[in-house]
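In what follows, a structure is listed as structure tokens, so that the remarks can point back to it.
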Ligand code: G1P
């Protein structure tokens with residue numbers, strides 16, 4: 001399975017993080033010293049993605065700037081011989097022509113956002129990564145999914161990352177029903193977006209990483225509304241599952257739902273504790289709060 005393009009839906013309003021997200025996109029909130037979106041792009045690049053497709057919206061211009069070359073800053077750093085800082089910028093700089101930006105002009109749902117990328121993606125399988133979710137792992141979450149698909153001979157399939165959550169949280173996520181296993185993958189026999197606990201098919205929720213076949217665009221094209229009056233990716237996947245294979249995959253390692261404040265704070269601690277320059281100081285500081 002060769003996946004060249006990844007779609008990052010970054011048009012969300014970030015209402016759960018107000019007032020932080022009043023003037024700044026939620027995707028630019030930092031986990032340690034990297035914006036959320038940069039962490040998710042890192043994951044995609046590690047999985048061999050060659051082209052980044054951002055579906056942005058109003059007030060999201062700074063995301064585009066983040067992936068552009070900061071000419072004035074580089075010039076000043078060079079003048080001052082700040083080589084370390086220059087190297088930091090250089091390391092994350094996408095090559096010319098490898099990032100595309102398109103706008104979702106109205107907040108009509110995740111399915112609509114993905115559909116906005118149809119022309120840039122074209123007729124090939126692609127990945128979708130939601131920047132709310134950080135998967136802290138080696139190999140990266142998306143790489144694990146591609147490896148598992150290859151090992152199971154599922155290269156023409158659609159793959160969705162899932163994870164277990166307590167039953168009282170299922171109403172906040174897409175939820176899948178579980179069928180037969182195939183290596184590290186398992187067949188899906190149902191998907192439902194934000195179900196009530198009583199009708200949820202399991203406690204396995206969709207975690208914000210998808211590998212999809214391009215036929216999904218024909219279904220999204222119909223623009224049918226689902227849960228919350230939005231065009232749901234989950235509904236389109238359910239329709240596509242009538243004619244194509246869909247598998248679930250559980251990551252090895254830990255994911256952080258940075259769309260919630262507690263998940264975001266937990267991610268900051270976890271990523272900081274991985275850093276030699278921060279670990280000891282942070283541990284000292286946390287001791288003051290933990291008995
Ligand atoms: C979206 C998806 C949902 C998934 C969730 C993961 O929902 O629609 O299926 O479980 O992301 O974060 P949202 O959080 O955008 O409402």
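Please treat every number below as a calculation from the coordinates, not as lab data. Just so it is clear, the model here is predicted, and its values are computed rather than measured. Here the Cβ is made from the backbone with ideal geometry for all residues, glycine too, and neighbour counts use every protein chain on show.
By the helix-only formula, in which each DSSP H run with n ≥ 4 contributes -39500 (n - 2.57) and the sum is divided by residues, the chain has a 222 nm mean residue ellipticity of -9000 deg cm²/dmol. In the chain, Cα pairs under 8 Å separated by at least six residues give a relative contact order of 22 percent. Stretched out straight at 0.36 nm per residue, the stretch from residue 13 to residue 196 would grow longer than its current Cα-Cα span by 63.5 nm. Based on C-alpha pairs under 8 angstrom that are at least 6 apart in sequence, segment 155-269 has a relative contact order of 34 percent. Among DSSP beta bridges lying fully in segment 5-290, give the percent that are antiparallel, nearest 5. Around 60 percent of the beta bridges assigned by DSSP in segment 5-290 are antiparallel ones. Summary of packing: across the peptides 192-200, 242-250, 275-283, the per-residue average of other C-beta atoms within 10 Å ranks them, highest first, as 242-250, 192-200, 275-283.
Measuring from centroid to centroid over Cα atoms, what is the spacing of segment 84-112 and segment 194-235 in Å? That distance is 24 Å.
Applying 0.36 nm per residue to the separation of residue 106 and residue 164 and subtracting their alpha-carbon distance, the gain on full extension is 17.7 nm.
Which of these, 106, 148, 241, has the largest mean-square fluctuation under a Gaussian network model of the chain (Cα springs below 10 Å)? Fluctuation is largest for 106. Mean-square fluctuations from a GNM of the chain, with a 10 angstrom spring cutoff on Cα atoms, peak among 173, 210, 271 at 271.
Rounded to the nearest 5, the antiparallel percentage of DSSP beta bridges internal to segment 154-291 is 75%. A prolate overall shape is assigned to the chain, the ratio a/c of its alpha-carbon gyration tensor axes (a ≥ b ≥ c) being 1.5 or greater and a/b exceeding b/c.
Working ranking of peptides 264-270, 33-39 by packing, defined as the average number of other Cβ atoms within 10 Å per residue, highest first, is 33-39, 264-270. With both residues required to sit in segment 6-160, DSSP beta bridges show an antiparallel share near 15%. Sequence-distant contacts, meaning Cα pairs under 8 Å at least 6 residues apart, place the relative contact order of segment 1-131 at 42 percent. Would you please classify the overall shape of segment 175-214 from the alpha carbon gyration tensor, given that a ≥ b ≥ c denote the square roots of the eigenvalues, rounded means a/c under 1.5, and beyond that prolate means a/b larger than b/c while oblate covers the rest? Verdict is oblate for segment 175-214. How tilted is helix 261-273 with respect to the longest principal axis of the chain? Cα atoms for both, answer in degrees (0 to 90, nearest 10). Compared with the principal axis, the helix lies near 50 degrees. Spatial offset of segment 170-185 relative to segment 240-287 amounts to 20 Å, using the alpha carbon center of each.
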